[in-house]
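Novice: Structure in structure tokens, see below.
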Amino acid sequence: MTKFTKLTLLLMGGLLGPLTTTAQDVTQTETGSDINQPYNAFLAKYVTSENGLNLVAYDKVTDADERGLERYIESLSGIDISSYSDEQAMAYWFNLYNAKTVELILDKYPVKSIKKIGFLTGPWDNKILTVRGQKISLNNIEHDTVRELYDEPRVHFAFNCASIGCPNLKKTAWEAATLDADLTEAAKAFISSPRGVRIDKNGNITASSIFKWYKEDFGASEADVISYLVKFAENEKKTALQNAKQIEDYDYNWELNITKRIE
């Protein structure tokens, strides 16, 4: 079964349940850079970088821009992607997931962490999106769709959960034309950052909990995970990882990725 066929099955009655076509369905021509223009404008206005960490000025977003973000999400949600290429589909899901996560924070702001939203474990299982008439969750997108369809560990560096410990929220929309290069760059940026991998003066490794939660995506063993990290690490960190035997610890910072900390 091809990936295209699997994607169609998911959308038409599989993991995401039956979908119905609505009058608001967006045509296939309204994709890519054109449809992402309002999202790019939002990101350019409210996302800044500090020491390699992309932060969002949630507290500065105007009501008009928040409504614009909502309209962008609605426009994506009406697209029939069943004929998309792998690259188009992945870019679509990354943008929908990340934009909806930003909107979710804005809707509940002020909040110190996304884990404070929802029931006990956060909002990821809540059916907060309607894609072509079907209610789905963020976890449906990330785990039941993208991870299910694509044997591509770099997808973990594309999804952003509005937290300091997460790989960066990309400052522009994901696009099919540059997807491979952008995924590689995102992997390098995260693994090179202390959020991705830290190595102390004794050579002990602390890695992001992403590499524990989804270890099977990176390899069959911890040694495979280390080998994966080596592929994207640079300079002294690469050398240290090449000589490493194990990962001593994992951690993750759930603090909100906001430009101004909430006290």
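Just so it is clear, none of the values below were taken in a lab; they were calculated from the coordinates. Every value quoted in this text rests on a predicted model; they were computed, and no experiment measured them. Because the Cβ atoms are built from the backbone with ideal geometry, glycine has one as well, and the counts that use them run over all protein chains shown.
Novice: For Cα pairs less than 8 Å apart in space and 6+ apart in sequence, what is the mean separation divided by the residue count of the stretch 146-263, i.e. the relative contact order in percent?
Specialist: Rounded, it is 29 percent for the stretch 146-263.
Novice: What's the Cα-based Rg to Rh of the stretch 109-263, Rh via Kirkwood?
Specialist: Here the Rg-to-Rh quotient is 0.98.
Novice: Let me ask another. Across the stretch 218-233, in residue order, what do the Karplus-derived ³J(HN,Hα) couplings come to in whole Hz, using 6.51 cos²θ - 1.76 cosθ + 1.60 with θ = phi - 60° and x for Gly and Pro?
Specialist: In residue order, the calculated couplings are 9, x, 7, 8, 5, 4, 5, 4, 4, 4, 5, 4, 4, 4, 10, 6 Hz.
Novice: Please return the longest stretch of the chain lacking exposed loop sites, where trypsin sites (Lys or Arg not before Pro) count only if DSSP places them in a loop and at most 13 other Cβ atoms lie within 10 Å. Mind dumping the intermediate values first?
Specialist: On the way: sites that count: Lys112, Lys127, Lys171, Lys201, Lys245, Lys260, Arg261.
Segment 1-111 is the longest.
Novice: For the stretch 238-254, just list the computed ³J(HN,Hα) in residue order, Karplus coefficients 6.51, -1.76 and 1.60, θ = phi - 60°, integers in Hz, with x standing in for Gly and Pro.
Specialist: 4, 4, 5, 5, 4, 9, 7, 9, 7, 9, 6, 7, 10, 8, 7, 9, 8
Novice: Could you work out how far helix 63-77 tilts from the main Cα principal axis of the chain, as a 0 to 90 degree angle to the nearest 10?
Specialist: With both axes taken from Cα atoms, the answer is about 80 degrees.
Novice: Would you tally the net charge around Ser192, using a Cβ to Cβ cut-off of less than 13 Å, leaving Ser192 out, and scoring K and R as +1, D and E as -1?
Specialist: So the surrounding residues net to +3.
Novice: For the chain, set up a Gaussian network in which alpha carbons nearer than 10 Å are linked by springs, and say which option among Ser163, Ser193, Ser221 fluctuates the most.
Specialist: Ser221
Novice: Calculate for the chain the 222 nm mean residue ellipticity that helices alone would give, adding -39,500 (n - 2.57) per DSSP H run of length 4 or more and normalising by residue count, nearest 500 deg cm²/dmol.
Specialist: -12000 deg cm²/dmol
Novice: Over the stretch 3-251, what per residue volume does the convex hull of the Cα atoms give, in whole Å³?
Specialist: In the stretch 3-251, the Cα convex hull volume per residue is 131 Å³.
Novice: Still on this structure, please answer the following. Hand me the tally of lysine pairs in the stretch 146-258: alpha carbons under 22 angstrom apart, and the pair either on different chains or 8 or more positions apart.
Specialist: Close lysine pairs found across the stretch 146-258: 24.
Novice: Can you tell me how much longer the chain between Asp63 and Asp249 gets when fully stretched, taken as 0.36 nm per residue apart minus their C-alpha distance, in nm with one decimal?
Specialist: 62.8 nm
Novice: Which whole-number percent is the relative contact order of the chain (Cα, under 8 Å, 6+ apart)?
Specialist: Relative contact order, the chain: 22 percent.
Novice: Pairing the Cα long axis of helix 33-46 with the longest principal axis of the chain, what angle in degrees results, from 0 to 90 and rounded to the nearest 10?
Specialist: It is inclined by approximately 50 degrees.
Novice: Report, in debye and to the nearest 20, how large the dipole of the stretch 3-251 comes out about its Cα centre when Lys and Arg carry +1 and Asp and Glu carry -1 on their Cβ.
Specialist: Working: 28 positive and 35 negative charges, 119 e Å.
Value, rounded to 20: 580 debye.
Novice: Please order Tyr150, Tyr72 by the number of other Cβ within 10 Å, starting at the fewest.
Specialist: Tyr150, Tyr72
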